[in-house]
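Down below is the structure, laid out as structure tokens.
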Amino acid sequence: MNDSKQFDWQASRMTGNPQIAPVHLMRWYTRLAALALFLALAAPGFAAQVVKVGVVLFPPYINKQAGSDRLHVELLDLMNSFQQRYRFVPVNTGPVRRFRDFDLGRYDMSTFDNLAWGWKDRPVDASRVYLGGGEVYVALKQADRDQRYFDHFADKRMIGMRGYHYGFAGFNTNEDYLRHHFQMVFTSDNEATIKHLLMGSGDIAVVTEAYLAGYLERNPQDRDKLLISTKKDQHYQLTFVIRRGVRPSAAELNALLDAMEQAGILRPLWQKYGAEINRP
């Protein structure tokens, strides 16, 4: 058996396919490389490097309320206990000032984020997608309203969180633009958004789907008052965003995510908060 055929035979045993599929081999080698990278970052003997992680209110993923369950805190705790090279430390920021804080060097990484949410012109990279989710439209139920009520927004008073990127507005966060085109009512969190809708302060609220599910579990009396859209304002592709040139790199974060997933410690966390698992 010549060297080429021997390699083909060995590779076919690894892939379980008598015909070599290059894409399978590439995935196999990529996972090997990720594992080697993770073993390097997890090795003992290093003083943990502090990584400042900007956190912006984003329930149920990031909840700053004391005494409440907080997914972002539990995630960072798991990341810290799983490896020894980095210590991830939360740094509070806000939806309006977060880019200024980043530019001033107050933090280098963000969680539950996406490059499309204002990062375009900044020197950053993103990890792979690790969670999904989305936002839905909510209105008060009325006899003459159905899903067609969510087809057009120009004649509606929209309600949403200040500084957040919404699909119906083309992800434009300019408050003057939003007030002029959508009569936007601004709130500070998802619960306030729903409360404003219930009080009649606007016509359509935009709310994180996972948060809405939790809200209705806690407030079942409101379920029959609300008309919830079947279409999403946007579908989340949640990643870590990391400053380019610092450590950990996006590749290291991917390796850490892979290793934590393979160890079976992330899925229970996502399930606890009703988060939509999204693994390519």
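The values are calculated or read from the model by the stated rules, or taken from the named source; none is laboratory data. The structure displayed is predicted, hence computed values, not measured ones. In this analysis, Cβ positions are derived from the backbone assuming ideal geometry, glycine residues included, and neighbour counts consider all displayed protein chains.
Being within 27 Å of residue 161 (Cα to Cα), touching a Leu at 6+ places or on another chain (Cβ under 8 Å) and not acidic (Asp, Glu) is the filter here, so list the residues in segment 67-87 that pass it. Please lay out each step first, then the result.
Going residue by residue through segment 67-87, those that are within 27 Å of residue 161 (Cα to Cα) are 67-76.
Filter again for touching a Leu at 6+ places or on another chain (Cβ under 8 Å), leaving 71, 74-75.
Within segment 67-87, 71, 75 qualify.
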Would you check if residue 185 is farther than 22 Å from residue 130 by Cα and in contact with an Asp or Glu (Cβ under 7 Å, 6 or more places away or on another chain)? no
Of residues in segment 83-102 being exposed (fewer than 15 other Cβ atoms within 10 Å of the Cβ) and free of Cβ contacts under 8 Å to residues at least 24 places away in the same chain, the one nearest to the chain's Cα centre (by Cα): 97
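Among the residues that make up segment 202-210, is at least one of them of a type outside the set (A, V, I, L, M, F, W, C), modelled with pLDDT of 95 or more and surrounded by fewer than 15 Cβ atoms within 10 Å (Cβ to Cβ)? Working first, answer last.
Here is the first cut: in segment 202-210, the residues of a type outside the set (A, V, I, L, M, F, W, C) are 202-203, 208-209.
After this cut, where a residue has to be modelled with pLDDT of 95 or more as well, the list is 202-203.
Narrowing further to those that are surrounded by fewer than 15 Cβ atoms within 10 Å (Cβ to Cβ): none.
No, segment 202-210 contains no residue that is of a type outside the set (A, V, I, L, M, F, W, C), modelled with pLDDT of 95 or more and surrounded by fewer than 15 Cβ atoms within 10 Å (Cβ to Cβ).
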Residue 37 is checked against (1) modelled with pLDDT under 90; (2) surrounded by 12 or more Cβ atoms within 10 Å (Cβ to Cβ); (3) not in a helix (DSSP H, G or I) and fails just one. What number does that condition carry? (3)
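Considering each of 187, 230, 239 in turn, give the residue that is among the hydroxyl-bearing types (Ser, Thr, Tyr) and surrounded by fewer than 17 Cβ atoms within 10 Å (Cβ to Cβ).
Values: 187 fails: surrounded by fewer than 17 Cβ atoms within 10 Å (Cβ to Cβ); 239 fails: surrounded by fewer than 17 Cβ atoms within 10 Å (Cβ to Cβ).
The conditions single out 230.
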Taking segment 125-141 as the region of interest, how many residues are part of a loop (DSSP other than H, G, I, E, B) and either within 30 Å of residue 277 (Cβ to Cβ) or without any contact (Cβ under 8 Å) to a residue 60 or more places away in the chain (or both)? 4
Matching residues in segment 123-160 - criterion: being of a type in the set (Phe, Trp, Tyr) and touching a Phe, Trp or Tyr at 6+ places or on another chain (Cβ under 6 Å): 137, 150, 153
Selection count, segment 234-264, where residues are polar (S, T, N, Q), at pLDDT 95 or above and farther than 16 Å from residue 85 by Cβ: 1
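On the basis of being out of contact with any Gly (no Cβ under 6 Å at 6 or more places or on another chain) and basic (Lys, Arg), does residue 145 make the cut? Please lay out each step first, then the result.
Numbers: out of contact with any Gly (no Cβ under 6 Å at 6 or more places or on another chain): yes; basic (Lys, Arg): yes.
Considered against the rule, which asks whether it is out of contact with any Gly (no Cβ under 6 Å at 6 or more places or on another chain) and basic (Lys, Arg), residue 145 comes out as yes.
Just for segment 148-192: of the residues that are over 17 Å from residue 225 (Cβ atoms) and among the polar types (S, T, N, Q), which one is farthest from the chain's Cα centre (by Cα)? Steps first, answer last, please.
To start, the set of residues in segment 148-192 that are over 17 Å from residue 225 (Cβ atoms) comprises 148, 151-158, 160-189.
Those left that are additionally among the polar types (S, T, N, Q): 172-174, 183, 187-188.
Working: 172: 19, 173: 18, 174: 22, 183: 28, 187: 20, 188: 19 Å.
Filtering segment 148-192 for residues that are over 17 Å from residue 225 (Cβ atoms) and among the polar types (S, T, N, Q), the one farthest from the chain's Cα centre (by Cα) comes out as 183.
Give the residues of segment 94-124 that are polar (S, T, N, Q) and in a loop (DSSP other than H, G, I, E, B), sorted by residue number.
First, the residues of segment 94-124 that are polar (S, T, N, Q): 110-111, 114.
Passing the criteria: only 114.
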Among the numbered conditions (1) touching a residue at least 60 places away in the same chain (Cβ under 8 Å); (2) of a type outside the set (Asp, Glu); (3) surrounded by fewer than 20 Cβ atoms within 10 Å (Cβ to Cβ), tell me where residue 164 comes up short. (3)
